[in-house]
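To keep things clear, I will list the structure first and then write my remarks on it.
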Amino acid sequence: MKSIRNALFALAAAAATAAPLPALADLTLYSGRGETLVAPIIAAFTAETGINVNVRYGGTAELAILLQEEGDRTPADLFWAQDAAALGAVASLFQALPEATLDRVPAAYRDNEGRWIATSGRGRVLAYSTERVGADELPATMADLTDPRFRGRIALPPTNGSFLAHVTALRVVHGDEAAREWLAGIAANEPVIVRNNTAAIQAIGDGEADVAVTNNYYLVRFKRAAADFPVNQMLFPTEGDIGNLLLVAGMGVLAGSDHSDEAVAFIDFLLSDAAQQFFSGEVAEFPVTGRVIPTRVDDVSLEDVVRMAPEVDLNTIGDLEGTLEMVREAGLL
């Protein structure tokens, strides 16, 4: 897996020492994806095309709200979100993508109107302490996390984009009242509030919490640094449970972009076999083009996630504002 990252850095280094390329338009990217995850693939795109990408990193929900505030005044050409809820929230600000680009992924991994497209997939999983959570304690469903036995033991990142998308999907599948009840139950269990998924995994490893619902790839980085890191992860054992949600990271081109061709070229690059292999092998996400064999992590495979996931149309989870309000009402923000 390191060879993938090394190859990308080598490509970028080679371009830096090569003859200068003709001047091309710079792109401005708002990225809700973390810099440590995506900077190598952005550098590889610049190395291959000569197109510079100026990146503004931030939380996915934060950037989606910023785009709504900026409207047609935004300097952004592209928005890279870590979940479909944020993409849906700003879909009206995107331009339609070319059919040739859209056809590179299955219909389930793109907007019904062709305004955004997935770049990688991820499964929601339960991370848990191998030292403090016995097999008989593991919850069968995400709803079980409201049980009092988990009081003070849940690491929760309430501002995280994937968490907000997950709650939005809960609203779509089970209704707003069920979502409010779940959030109230989690709040009653006095969760350990953390800033993001990485911090949630770290909190479990440090003994500050025992469980967290997170994305499948976060634990990978901890395991690569220390194989005996005392955390494992699993899918909820109940087939179709909302806890086993299949989410995607994705991207759209802003309608006001003056560099649409270059922006689409960047999306096409992310859907190339090399980039999809990077997401699968280095980041431990799931490829979305069907042309790359996904990496299996801690016995959580794409096939497992697809089999256990609930049926949720990703186009229906765009009410980010409504979900944020629910999370605030529950006292989690």
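With labels modelled as points extended 7 Å from the Cα through the Cβ direction, what inter-label distance (nm, one decimal) is found for E190 paired with A178? Using points 7 Å along Cα→Cβ, the separation is 3.0 nm.
Given charges of +1 on the Cβ of Lys and Arg and -1 on the Cβ of Asp and Glu, with all other atoms neutral, how large is the dipole of the chain about its Cα centre, in debye to the nearest 20?
800
Given their separation in residues at 0.36 nm each and the Cα-Cα distance between them, E35 and D103 gain 21.7 nm when the chain is fully extended. With each label modelled as a point 7 angstrom along the Cα→C-beta vector, the E48-E239 pair spans 3.9 nm. Given R₀ = 25 Å, what would the calculated FRET efficiency be for R224 paired with E311, taking r from the Cβ atoms and rounding to 0.05? About 0.15, to the nearest 0.05.
Our summary gives the chain a relative contact order of 26 percent, counting only alpha carbon pairs under 8 angstrom and 6 or more residues apart.
None of the figures in this text is laboratory data; all of them are computed from the coordinates on show. Not measured: the values here are computed from a predicted model. FYI the Cβ positions are ideal-geometry reconstructions off the backbone, even for glycines, and counts take in every protein chain you see.
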